[in-house]
Structure formats: structure tokens, C-alpha cells
Amino acid sequence: MPQHIGIVACSAEGAALCYRTICVEGAALFGAHGHPEVSMHTPSFADYMAHIYRGDWSRVGDLMLASADKLKKAGADFLICPDNTIHQALPYVLPRSPLPWLHIAEVVAAEALARGFQRIGITGTRWLVDSAVYPEKLAARGLAYLRPSVAERDECNRIIMDELVRSTFTPDSVAYFQRVIGGLKDGGCDAVVLGCTEIPLIINDANSALPTLDSTRLLARAALKRAAHDKVMAA
């Protein structure tokens, strides 16, 4: 039997895209209409943001652990979190987690290495881009990275928090992200991490100046491969 995927969700649009990818792309591994069992738990997004605005990552971790405990009881075998920002809380989570996790930045870094990229631009919320979440995982694989300017981080954060997580998608915001990515290309990057799970809703390889590393779909695909492991071993 394939493993049961548990999704520790934060913001709705990114979690929905991850869930949808698992269910749609599962057919390639499990046959027509097939996918692993999936359970998802989502506390109020406002609860997460209250702690994030205060920089209280241990309390963010408590929310993630509460979801992990519920997903364990629902039968999940391992966990994923389709939210890059709250991966900053994983150091508080992992020592107490009832289940193993896939780390979104590790998945993305592995893909970047496999595709031969060398210098990666990082986009996402201000909290994510300012953090060590991606730099740590990229550097561990010998990959260089570049962040947008402080002003660009602030405007990207505004677009994400005021628009994308609220299902608002505008041409002006697409154009702004395109300019930011163009600047990262000018800075020597050969790929860009879409390091907020909502960014793939407006940016992709077709409209980006750089090849994209879609953290949402890459995490979903990694989860499918892990879930399929038991099926492959039994075949």
C-alpha cells in the first residue's frame, strides 16, 4: 500500500495547489484517477499570522505540531508543509514531531542541483527571503544564491499577503514579479525559486526571465514519490 500523506497547511491557495497536484499527478504513478491517501489539517491562517508578525517562531511551531498530531491520528505516514515561510519553525517542530517531514527547501535544492543550476534567486515573503531557510539548504549542496533588494522584498511581501493569499491576481503584480526576476537574472542567477507557494499561481516558466523552481509542485511530486515507495518495494 502507498503511504498516507499528511499536509500541514497554512495559507489556503498554496495548500490547495499542493493538494491538487498530488491528486492530479498521482495518476502517473498509481494509474488512472489514482493517488495516495491524503489528509490535510489547517488552523486559522490568522492564528499563524499573529505569531509570525511577532516573530514568535516557537508558537508557529506549536501550531504545526498540533496539525501533525491530528494528522498522525488520521493515519498519515509522513508530513509535508506547503508553506515556505513557516519552515523557519521546523527546528522547534522536528524534535517533538510524531512523524517524519519532507523539507520544502531540501526538495527544491535537490532539483536545482539535478538540473545543473549554480546560482539561485530567492523570492517569497519578506520573512522567508530574509531567513536562512533556502540559503542553508542551497549552500549545503554547493549552490550560490541571491536575494532581491530590501525594497523588492517588501513589495513582493505586500503582493503575497494582500493579494495572492486572498486569491487576487493582477497584471501589475505579475509584471512586478517579472521585473524582480529580471533583476536576479542580471545579478547572475540561472534559476529562481518561487519560494512562496502562491507565487506559481502568477509566475511560471512561460512568463519568467529565469527557469523556475516551483516549490509547491516540487514538494507535491516529492511526496508522491515517497508515498509510492512502499508500492514500488512490494511490486
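Bear in mind that the values in this text are calculations on the coordinates, not laboratory data. Not measured: the values here are computed from a predicted model. Cβ placement follows ideal geometry from the backbone for every residue including glycine, while neighbour counts extend to all protein chains displayed.
If I stretch the segment between GLU37 and SER167 completely, what's the gain in nm (0.36 nm per residue apart, minus their alpha carbon distance), one decimal?
That pair, GLU37 and SER167, stretches by 44.1 nm at full extension.
Within the set of other residues whose C-beta is less than 14 Å from the C-beta of ASN204, count the net charge using Lys and Arg as +1 and Asp and Glu as -1. Could you put the intermediate results ahead of the total?
Working: positive: ARG217; negative: GLU198, ASP205, ASP214.
Taking every other residue near ASN204 into account, the sum is -2.
Which of the three applies to segment 133-184, rounded, prolate or oblate, going by the alpha-carbon gyration tensor with a ≥ b ≥ c and a/c under 1.5 meaning rounded?
prolate
In percent, how large is the relative contact order of the chain, given Cα pairs closer than 8 Å and 6 or more residues apart?
Details: 421 pairs, mean separation 60.2, N = 235.
Across the chain, relative contact order equals 26 percent.
Order of 33-44, 163-174 by packing, highest average Cβ count within 10 Å first?
33-44, 163-174
Divide by every residue of the chain the summed helix terms, -39500 (n - 2.57) for each DSSP H run of at least 4, and state the resulting mean residue ellipticity at 222 nm, rounded to the nearest 500 deg cm²/dmol.
Value at 222 nm, helices only, nearest 500: -15500 deg cm²/dmol.
From the residues ALA114, SER131, CYS23, which one has its Cα farthest along the dipole of segment 1-155 in the positive direction, the dipole being from +1 and -1 charges on Cβ of Lys/Arg and Asp/Glu about the Cα centre?
Of the options given, the answer is ALA114.
Tell me which aspartates and glutamates have Cα within less than 12 Å of LYS225's Cα, excluding those fewer than 8 residues away on the same chain?
Candidates past the 8-residue exclusion: GLU25.
Take the alpha carbon atoms of segment 118-173, find their center, do the same for segment 207-221, and report the distance between the two centers in whole angstrom.
Spelled out, the Cα-based centre of one part sits 13 Å from the other.
I'd like to know which of HIS103, ALA68, VAL38 lies farthest towards the positive end of the charge dipole of segment 1-159, counting +1 on Cβ of Lys and Arg and -1 on Cβ of Asp and Glu.
Result: HIS103, furthest along the dipole toward the positive end.
Given +1 on the Cβ of Lys and Arg, -1 on the Cβ of Asp and Glu, and no further charges, what dipole in debye does segment 121-165 carry about its Cα centre, rounded to the nearest 20?
It works out to roughly 260 debye.
Rounded to the nearest 20 debye, what is the charge dipole size of segment 135-197 about its Cα centre when +1 sits on each Lys and Arg Cβ and -1 on each Asp and Glu Cβ?
It comes to approximately 220 debye.
For segment 45-134, which trypsin sites (Lys or Arg not before Pro) pass both filters: DSSP loop (anything but H, G, I, E, B) and at most 15 other C-beta atoms within 10 Å?
Details: sites: ARG54, ARG59, LYS70, LYS72, LYS73, ARG96, ARG115, ARG119, ARG126; in loops: ARG54, ARG115.
Loop-located and lightly packed - ARG54, ARG115.
For helix 150-162, report the angle its Cα long axis makes with the longest principal axis of the Cα atoms of the chain; keep it between 0 and 90° and round to the nearest 10°.
50 degrees
Report the charge-dipole magnitude of the chain in Debye, nearest 20, computed about the Cα centre from +1 at each Lys and Arg Cβ and -1 at each Asp and Glu Cβ. Walk me through the numbers before you get to the answer.
Numbers: 23 positive and 25 negative charges, 94 e Å.
With only Lys, Arg, Asp and Glu charged at Cβ, the dipole is about 460 debye.
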